[in-house]
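The values are calculated or read from the model by the stated rules, or taken from the named source; none is laboratory data. Nothing here was measured: the structure is a model prediction, and the numbers come from that model. Counting neighbours? That spans all protein chains shown, and the Cβs are built from the backbone with ideal geometry, glycine included.
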Amino acid sequence: MSFENLNLHPLILKAIIDSGYTAPTPVQAQAIPELIAGHDIMASAQTGTGKTAAFMLPALHRLATPSQVHSRGPRVLVLTPTRELALQVSEAAAKYGKHLSRVKVVSILGGMPYPLQNKLLSQPVDILVATPGRLIDHIQRGRIDFSRLEMLVLDEADRMLDMGFIDDVERIASATPAARQTLLFSATLDSAIDKIATRLLKSPKRIRIATQQARLDNIEQRLHYVDDISHKNRLLDHLLRDMALKQAIVFTATKRDADTLADNLSAQGHEAAALHGDMNQRDRTRTLTKLRHGDLRVLVATDVAARGIDVVGITHVINFDLPKFAEDYVHRIGRTGRAGASGIAVSFASGKDGINLKRIERFTGQRIASHVVPGLEPRFKPRPGVGGMSGGAPSVAHKRSRTWSNDSSARGADSAHGNWDNSRSRPFGDNRQNTRGNVAGNTFRNSSVPSPYFRSK
């Protein structure tokens, strides 16, 4: 199937061709016809499957026909859980709608100053992309008119549920016309999502795209057992010195760990920077821009970056700390293997991570093969059946795996391993906290970041 078979507006097809796309992905091929026909849909679409275009292309197709309602308010509202994802959606709208006449896209996000947002909302808006909390603030102040809203998109609905945004989402939906078309995209369609869909959607069409296992087939998953933080750091330094690694995202458990690890890697000569929820919007945008332009080789991030980052050049994802939730593991490693490319996902695990490993393997339906780097073998020996393909001691990586070459120069002088289980100290201090879903920010300076306001030609 080609995009020409989907009956999209010719000017949208032109933008798709300009972007270099020739055939729709499965979620696009199934969702676009249903949306053009006016149906509500709820879709299970994993990260990297092209779901943003799956809802944005039919939304722009709708905008090609002038509204019969005279208002400055948006015709399309997209709700996302994080600022990064909101900006990605806004960029997609600008890219695919660039040939349409006067399509205006506005992003309303936490971290942006209210005067700028008030100015943007005082002008006519066609597509409004927002995070729920900030949008609620503007609704309560009476600054948004939803009288001509035609389409409501809930992007990453499962993530919004995890982050406690669903009450806000339902409040926002109640402020929109009942006749709207509603789209719900989620990594999974479980009972909790079904309850939300029952309240917000009308006789939705269900679309399920790929299983977790099928979606990870192009990502090679590897496991390294570690003794302590020193062992972790030396393994990480070794992996990052592999010439086959073009760009990597290294995930940590906390924001403080991300900052500290990024500083340490920079001191070792790696092109590294941190990304987490406590950074202001200007710095976050600058860091992501450097990553997309290839000016940054290593991004050290918390789970705020697990969704919403689409950079084809990411060849490796490294879980310096395993995530607490198996779903987050899938979203983390989904940052590599984009657009049909292959990728490598490496996870570090200590003696206390056996339960997390089991949960991840059960969720993905795949076993993770354990590896060792010659000269950096762990003293820790996992019990049989606790994580990893071997179910026992890690196996030495075979010769065809370039990453696992014996590079003694990268190992560093410190060879003390210690005992992870008996260590009272944490990698970078105490009081670690779960940052899952934390997207708090401080400032937004329009002169230093791409404008949240896009106008197509």
*Name the one entry in I172, I207 that is in a helix (DSSP H, G or I) and over 28 Å from R367 (Cβ atoms).*
I172
*Considering each of I17, I36 in turn, give the residue that is surrounded by fewer than 19 Cβ atoms within 10 Å (Cβ to Cβ) and free of Cβ contacts under 8 Å to residues at least 24 places away in the same chain.*
I17
*If you check every pair at least six apart or on different chains, which have Cβ atoms under 6 Å apart with a residue in region 266-289 that is over 16 Å from K255 (Cβ atoms) first and a residue that is among the β-branched types (V, I, T) and surrounded by 21 or more Cβ atoms within 10 Å (Cβ to Cβ) second?*
H270/V298
*Take T188 and decide whether it is part of a loop (DSSP other than H, G, I, E, B) and outside the structural domain of F380 (by TED's automatic domain parsing).*
yes
_A173, sole failed condition from (1) buried (at least 19 other Cβ atoms within 10 Å of the Cβ); (2) more than 21 Å from the chain's Cα centre (by Cα); (3) touching a residue at least 40 places away in the same chain (Cβ under 8 Å)_ = (3)
*asked:* Going by what's in this entry, would K195 be described as surrounded by fewer than 18 Cβ atoms within 10 Å (Cβ to Cβ), touching an Asp or Glu at 6+ places or on another chain (Cβ under 7 Å) and over 22 Å from E84 (Cβ atoms)?
replied: no
*For T336, are the conditions met, namely being in contact with a strand residue (DSSP E or B) (Cβ under 9 Å, 6 or more places away or on another chain) and farther than 29 Å from A23 by Cβ?*
no
*asked:* All but one of (1) out of contact with any Asp or Glu (no Cβ under 7 Å at 6 or more places or on another chain); (2) farther than 30 Å from A37 by Cα hold for I207; state the number of the condition that does not hold.
replied: (2)
*Which of (1) among the aliphatic types (A, V, I, L, M); (2) under 22 Å from K202 (Cβ atoms); (3) part of a helix (DSSP H, G or I) does I16 not meet, given it meets every other one?*
(2)
*Using the structure shown, decide if T287 is farther than 19 Å from D321 by Cα, polar (S, T, N, Q) and in the same structural domain as A54 (by TED's automatic domain parsing).*
no
*Taking region 350-378 on its own, how many of its residues are in contact with a helix residue (DSSP H, G or I) (Cβ under 7 Å, 6 or more places away or on another chain) and in a loop (DSSP other than H, G, I, E, B)?*
8
_Failed item, numbered, when P58 is tested on (1) under 30 Å from I139 (Cα atoms); (2) touching a Phe, Trp or Tyr at 6+ places or on another chain (Cβ under 9 Å)_ = (2)
_Selected residue [polar (S, T, N, Q), closer than 26 Å to G365 by Cα and in contact (Cβ under 8 Å) with a residue 24 or more places away in the chain] from T260, T252, T182_ = T252
*Across region 344-380, which residue is surrounded by the most Cβ atoms within 10 Å (Cβ to Cβ) among those that are within 13 Å of K232 (Cβ to Cβ) and hydrophobic (A, V, I, L, M, F, W, C)?*
A349
*Does any residue in region 195-208 that is over 9 Å from M42 (Cβ atoms) come within less than 6 Å, Cβ to Cβ, of a residue that is at pLDDT 95 or above six or more places away or on a different chain, and which pairs are these?*
L200/A173; L200/T182; K202/D40
*Residue count, region 76-102 (criterion: buried (at least 24 other Cβ atoms within 10 Å of the Cβ) and of a type in the set (K, R))*: 1
